[in-house]
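All remarks here apply to the structure that follows.
All of the numbers you see were taken from the coordinates with simple rules; none came from a lab. Computed from a predicted model, the values in this text were never measured in an experiment. Neighbour counts are summed over all protein chains in view; Cβ atoms, including those assigned to glycine, are modelled from backbone coordinates with ideal geometry.
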Amino acid sequence: MPKWNRIFAHVDMDAFYASVEIRDDPSLKGKPVVVGGATRHRGVVSAASYEARKFGIHSAMPMAKAERLCPRLVRLPGSFSKYRDASDQIMEIFRSFSPKIEPLSLDEAFLDLTGIDRLLGPPEQVGCDIKKSIWETTHLTASVGIAPVKFVAKIASDMEKPDGLVVVKPGTVENILHPLPISRLWGVGPRTREALEAIGIRTIGDLASVDRENLISRFGQHGEHLHDLASGIDRREVIPDWDAKSYSHELTFARDLVDVDTLEGVVLDEAHRVSRRLRKDGVSGKVVQLKLRYHDFRTVTRRTTLEGPTSDTERIYHTARHLFHETWTQAPVRLIGVGVSGISPAGSETLDLFAPAQAQNRRRRLVETIDRIEERFGQGKVVPAKLLRIQDADGEG
Ligand SMILES: [Mg+2]
């Protein structure tokens, strides 16, 4: 049997937002549940439970239509901070399996597992262990796909949803790919699909058997790329968003955001989370970075070096917010990340010369108290007022 040269996993939580809601309110179990905005606000479905999907409801569908399809549908406005907390837990689990993870959204990531089989066992075993860890920590189910080719792992995670585990062994990639419709390939949108179907190509297998030069003459580089994918060749690597020596938090939004207050609020929330992790680990950092991804996937990263290391929420927030305003073009934003690097053990902070010593001590005590309360009662019990306003706005859907 062919050997594993590379091992890629794609992990995708099942009906993530809806599953979190059902977990937290067992009376919803077995009911058709959706998370999304109200019909009167022209809301759309952002997640549908598997019960709701039986009625043909899916995400991105207008809520009015969903309610027509299923009159006893339970609609919840959604609680973003809850999803974010669950997401933090999941990403932490991924990091415990591989240093190379590439989050695609709150509930989905690629993991590069190449070489870890020597430590953790065969791919099937690792897949089971990832699912088990997620279940034990969050009481949520995930579907896992494992393959020797990156994009095939993503196709595999979708094959036995929910609670699935599909391992595509080396040498069997083509058996899995070839019967699938071409629309399942990355980079085949409606227009490419139409053009391919016009020349009789319907399945990935059809595409793989077409003469490569012919495809290149019709579609240029794109044709070459598609032919590679159809033949199970994908040279893309797992691209970790931040290096391992940084503390960062980033969030992809369910819809693109342009509201400056909300965006600043996200920066504050992320600064809060990052600084809390720094303090928990007893370290501080002197480089603050901000990452922005626009609606068209253009991504910009900016960083600035402070005079000395810090783990202070406000300092990190003010620096990140400044970077945000220097960078932001007012275009709709899909993702914001805040990170701190240049890490050193705490205690090496230079004193902030502009703040009187008393005020500094007060602030440090306040921060320590907040961390202690959060440790005892859970994150999110003590949050800056600005964040509370965002959570309220979320609540309206
Ligand atoms: Mg998902």
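Along Cα→Cβ, 7 Å out, is where each label goes; now give me the distance between the ones at E213 and H139 in nm to one decimal.
6.3 nm
With the chain treated as a Gaussian network of Cα nodes joined by springs under 10 Å, which of G200, G223, G282 yields the largest mean-square fluctuation?
Ranking G200, G223, G282 by mean-square fluctuation puts G200 first.
Between E326 and E160, with labels modelled 7 Å along Cα→Cβ, what's the label distance in nm to one decimal, could you check?
5.0 nm
Quick one: H227, H178, H139, fewest Cβ neighbours within 10 Å first, how do they rank? Present the calculation step by step, with values, prior to reporting the outcome.
Values: H227 21, H178 17, H139 12.
The fewest-first ordering by Cβ neighbours comes to H139, H178, H227.
Enumerate by residue number the trypsin sites (Lys or Arg not before Pro) in the stretch 219-279 meeting two conditions: DSSP loop (anything except H, G, I, E, B), and at most 13 other Cβ atoms within 10 Å of the site's Cβ.
R235, R236, K245
From the residues F80, V288, T304, which one has its Cα farthest along the dipole of the chain in the positive direction, the dipole being from +1 and -1 charges on Cβ of Lys/Arg and Asp/Glu about the Cα centre?
F80
Cα gyration tensor of the chain, axes a ≥ b ≥ c as square roots of the eigenvalues: rounded (a/c below 1.5), prolate (a/b > b/c) or oblate?
Prolate, because a/c is 1.5 or more and a/b exceeds b/c.
Sort E102, E213 so that the residue with the fewest other Cβ atoms within 10 Å of its own Cβ comes first and the one with the most comes last.
Least to most surrounded, the residues fall as E213, E102.
At a Förster radius of 51 Å, what calculated FRET efficiency corresponds to the Cβ-Cβ distance of L180 and R277, to the nearest 0.05?
Values: r = 41 Å, r/R0 = 0.80.
In this case the efficiency is close to 0.80.
Run the count for the stretch 98-158, please: Lys pairs, Cα-Cα under 18 angstrom, 8 or more apart or on different chains.
4
If you wrap the stretch 1-147's Cα atoms in a convex hull and average its projection over all directions, what's the area in nm²?
Numbers: hull surface 39.3 nm².
Its Cα hull, projected and averaged over all orientations, spans 9.8 nm².
Mind putting together the pair-distance distribution for the stretch 190-269? All Cα pairs, 5 Å bins, whole percent per bin, short to long.
3, 11, 16, 13, 7, 8, 10, 12, 11, 7, 1
Can you give the local net charge around P71? Use residues other than it whose beta-carbon is closer than 13 angstrom to its beta-carbon, Lys and Arg +1, Asp and Glu -1.
+4
When a footprinting reagent is the concern and you count Cβ atoms within 10 Å, what order do R42, R84, R218 take, fewest first?
Fewest to most other Cβ atoms nearby, the residues stand as R42, R218, R84.
Within the stretch 218-295, list the GluC sites (Glu not before Pro) lying in a DSSP loop whose Cβ has at most 15 other Cβ atoms in a 10 Å radius. Mind showing how you got there, number by number?
On the way: sites: E224, E237, E250, E264, E270; in loops: E237.
Qualifying residues, ordered by number: E237.
For N5 and C128 in the same chain, what is the full-extension length gain: residue separation times 0.36 nm, less their Cα-Cα distance, in nm? List each step's numbers first, then the result.
Working: separation 123, 0.36 × 123 = 44.28 nm, distance 2.04 nm.
Going from the current span to full extension adds 42.2 nm.
Using each residue's phi in the stretch 127-137, evaluate 6.51 cos²θ - 1.76 cosθ + 1.60 at θ = phi - 60° and report the 3J(HN,Hα) Karplus result to the nearest Hz, with x for Gly and Pro.
With the stated coefficients, the stretch 127-137 comes to x, 4, 5, 5, 4, 5, 4, 5, 5, 5, 7 Hz.
What's the longest uninterrupted piece of the chain once you rule out the chymotrypsin sites (Phe, Trp or Tyr not before Pro) that are loop residues per DSSP with at most 11 other Cβ within 10 Å?
Of all site-free stretches, the longest is 1-296.
So what's Rg/Rh here for the stretch 243-290, counting alpha carbon atoms and using the Kirkwood radius for Rh?
On the way: Rg = 12.3 Å, Rh = 12.0 Å.
Reported Rg/Rh, Kirkwood definition of Rh: 1.02.
Expressed as a rounded percentage, what relative contact order does the chain have, with Cα pairs under 8 Å and six or more residues apart?
Numbers: 680 pairs, mean separation 58.3, N = 397.
Normalised by residue count, the contact order of the chain is 15 percent.
So what J values fall out for the stretch 19-29 if you push phi through Karplus, 6.51 cos²θ - 1.76 cosθ + 1.60 with θ = phi - 60°, rounded to Hz, Gly and Pro as x?
Listing the rounded values in order: 5, 4, 5, 5, 4, 7, 9, x, 5, 7, 4 Hz.
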